[in-house]
Structures are given as structure tokens and as C-alpha cells.
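The values are calculated or read from the model by the stated rules, or taken from the named source; none is laboratory data. Fair warning: this is a prediction, and the values are worked out from it, not measured in the lab. With ideal geometry, Cβ positions are generated from the backbone for all residues, glycine too; neighbour counts draw on all protein chains shown.
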Amino acid sequence: MKKASLKDIAQQAGVSTALVSYVLNGKEKETRVGEAIAQKIRQIAKELNYQPNHLAKSLRSGKTHTIGLIIADISNPFFANIARVVEDEAKRNGYTVIIGSCDEHAEKSWDLLNVLINRQVDGFIIVSCEGSENQVHYLKERNIPFVLLDRHFPEIQTDFVATNNYKASYDAGVHLIQSGYERIGIMAYKSNMYHMEERVRGYKHALRDNNIEFRDAWLKEVHFETMDSEVRTAIDEVLASDQRVQAMIFATYGLAINALKYINELRLKVPSDLAIVSFGQAEVFDLYYCPITYVRQPLEMLGKTSVEFLLKKLKNPEEGMKQILMEAKLIARESSKAKTGALEG
């Protein structure tokens, strides 16, 4: 079926194509078109299922009204939900979002970046993965507007919107100490990413400020690619030591889910055998027989603010750099409730 053109609508309405163009671009006020004519043109356009040619429009304006969103891992509910927020907020402002997931691989992130640059997106919102600093430098050198979301590189001056990960992890540690736990472990990804380092740092400082000496055996770092098997080994190790861990903080949702599956297999009871606090909110945490205490990142605000920052840059390239850290909130549930009596050593 042939696509309807402005000319087809003009012929049917008995007016010029210029007039049709004005009406469909919402400029009828400027040309003082009568409401009846404008209504008629819109009705014919609807009947003919007229689709505007965005490509032609973008060639004229140099703007495509699209944003490239690169996220680290679409299978993580946190990122899936944040993508939804970004998409909704962009749409409210007349922008379309093209989403790509790099699965925590820098090469995949490069590929997505190049594809989206070739698609002429107006700007980027990026959840960076490890080893992608060169991509951030590349965007800066090319003057392509972007905002880093959830993760940033402190040594590179960029716009970013992120969570105060140090404070979030510190609060998780203090919460467990106040609930009566002393031997507290943390499981994180083996990564040089700043947000991950901050989560470990916050946990260590919570112990230090409460006169608990950190032990190396309490920190378990696993690789993202081999998470399934490494999480199991790590749980075995923290439970086997003579000073077995009483509580565990999981630095990501993925780690927590893998660990909970294994804890169930071992028939361990949460929190009596092992108390748990995790980063990242998900319905799964409510469905577990023992609702999981979690650190709730301000997902809605992170997503909306990243769009707001990017749109300001698109409207005004001279806009000053914007960097914001938002506070997470600890939601205390059954999995970390106060200890009754001393645990078996």
C-alpha cells in the first residue's frame, strides 16, 4: 500500500500542500487557518493514515529527537525499570529512546555507541560498564551530549546522576550491627568500577565506626560472567570458617538472587542461619518466605533527572556540568531482624 503524502491530503481537502503542512505541524494559528478547515485536514490525514517523514524533518533541523540509552544489564529489574522511567520521561518531552544493553561488556558498549551515533541520536544516557572510560572520552572529544546514569568515573569530568553508594552501604552495615550482628560479610563483583568500590568502602567503614575489625575472609568478590558457580563457592566459604558470618550484604540484586537460590538448597533459614541485606529492589524480595531487607535506590528520580539533564544540554550546549548523588533508603524487613540470643559460633 502506497504511503499517503501531504499532496494526497491537499488534493482531497482542496487546499495547498503548504497549508496541510502548516496544520499538521501545529502552526495553523500563525497562518490564521479557519478551525473548520484545520479540522477537515486533520480528519483526512487520519483517514489516510498519514505518517510524517521524521527523516526529512530531521535533515532540515539537524535533530532526530531520539536519545540513545545504553544500560549495563537489561535482565536486572533495576535497569529494566530505570529504562522504563527514562523512556516515559523522554516521551513526555517529545523524544524517542533507543535502548541497548551491553551485558557488562565494554566491546558491546562500543558497538552500541557506534550504531547509535550512526543513527544520529541527539544525545546519550549511559549506564557505564567496566573498561568503558575511553568511550566517555570519545563522546567528550566529539562534543556529543551525554549523561552518565547510576555509574560514573570520578577521574573524568562528566555530567552524572547516581546514588550515594558509600552511604547506602554504610547504612546497611550499621543496620545489621544495630540488629545485633557482629560477623558481617559482603558479596560484590570483582570490579574496579567506582560504584562497586564505594559499596565495599561504605560497609568497611560501618564496621570500623562500630569497633568491629574487618576480616578479609568476610569480603567475597565474584566475576559477573561466572557468577552462578562463584556465588555458591563464596557462600560455602563464609559458612565454613570457624568465625562463620552471621549476616551478609549483597552489593547487587543478581548476587542476592543467586545466593538465595543456593541458601534454599542448603536448607538454611533466613535470618536465623544468615541475615541478609541486598541492594536493588524487586518484587522477588517480597515473594521470598522471609521478605528481604533492601537498599532502595531512588529509581524514579535517577531516571527522570538524567533525562532532564540531557535535555538541558541539548537545548543549550553551553549548559554547565551537572553532577548529583541521590540518597538511597534502607527498607528493613524480616531478613535482617534483630537477633534473639547468640548465634552458634
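The set of residues from segment 59-84 being at pLDDT 95 or above and surrounded by fewer than 18 Cβ atoms within 10 Å (Cβ to Cβ) comprises just one member, Arg84.
Answer yes or no as to whether Ala90 is of a type in the set (Gly, Ala, Ser), in contact with a helix residue (DSSP H, G or I) (Cβ under 9 Å, 6 or more places away or on another chain), without any contact (Cβ under 8 Å) to a residue 40 or more places away in the chain and surrounded by 14 or more Cβ atoms within 10 Å (Cβ to Cβ). No: the conditions fail for Ala90. Return the residues of segment 99-120 that are more than 18 Å from the chain's Cα centre (by Cα) and in contact (Cβ under 8 Å) with a residue 60 or more places away in the chain; say none if nothing qualifies. Answer for segment 99-120, where residues must be more than 18 Å from the chain's Cα centre (by Cα) and in contact (Cβ under 8 Å) with a residue 60 or more places away in the chain: just Gln120. Checked against the criteria, Ile257 does not count as in contact with a helix residue (DSSP H, G or I) (Cβ under 6 Å, 6 or more places away or on another chain) and crowded, with 21+ Cβ neighbours inside 10 Å.
Residues in segment 93-104 that are assigned to a loop (DSSP other than H, G, I, E, B) and buried (at least 19 other Cβ atoms within 10 Å of the Cβ): 3 in all. If the condition is being of a type in the set (D, E, K, R) and either in contact (Cβ under 8 Å) with a residue 12 or more places away in the chain or in a loop (DSSP other than H, G, I, E, B) (or both), then segment 229-280 contributes Arg232, Glu237, Asp242, Arg244, Arg267, Lys269, Asp273.
Scanning segment 223-263 for residues that are closer than 19 Å to Phe285 by Cα and among the acidic types (Asp, Glu) returns a single hit, Asp228.
Residues are listed down the side, and each one gets a yes or a no for (1) assigned by TED's automatic domain parsing to the domain that holds Leu260; (2) within 22 Å of the chain's Cα centre (by Cα); (3) under 22 Å from Asp150 (Cα atoms); (4) among the β-branched types (Val, Ile, Thr):
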position: Met196; (1), (2), (3), (4): yes, yes, yes, no
position: Lys204; (1), (2), (3), (4): yes, no, yes, no
position: Arg208; (1), (2), (3), (4): yes, no, no, no
position: Ile212; (1), (2), (3), (4): yes, no, no, yes
position: His223; (1), (2), (3), (4): yes, yes, yes, no
position: Met227; (1), (2), (3), (4): yes, yes, yes, no
position: Arg232; (1), (2), (3), (4): yes, no, no, no
position: Ala240; (1), (2), (3), (4): yes, no, no, no
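How many residues does segment 286-310 hold that are touching a residue at least 40 places away in the same chain (Cβ under 8 Å) and in a loop (DSSP other than H, G, I, E, B)?
Total meeting the criteria: 6.
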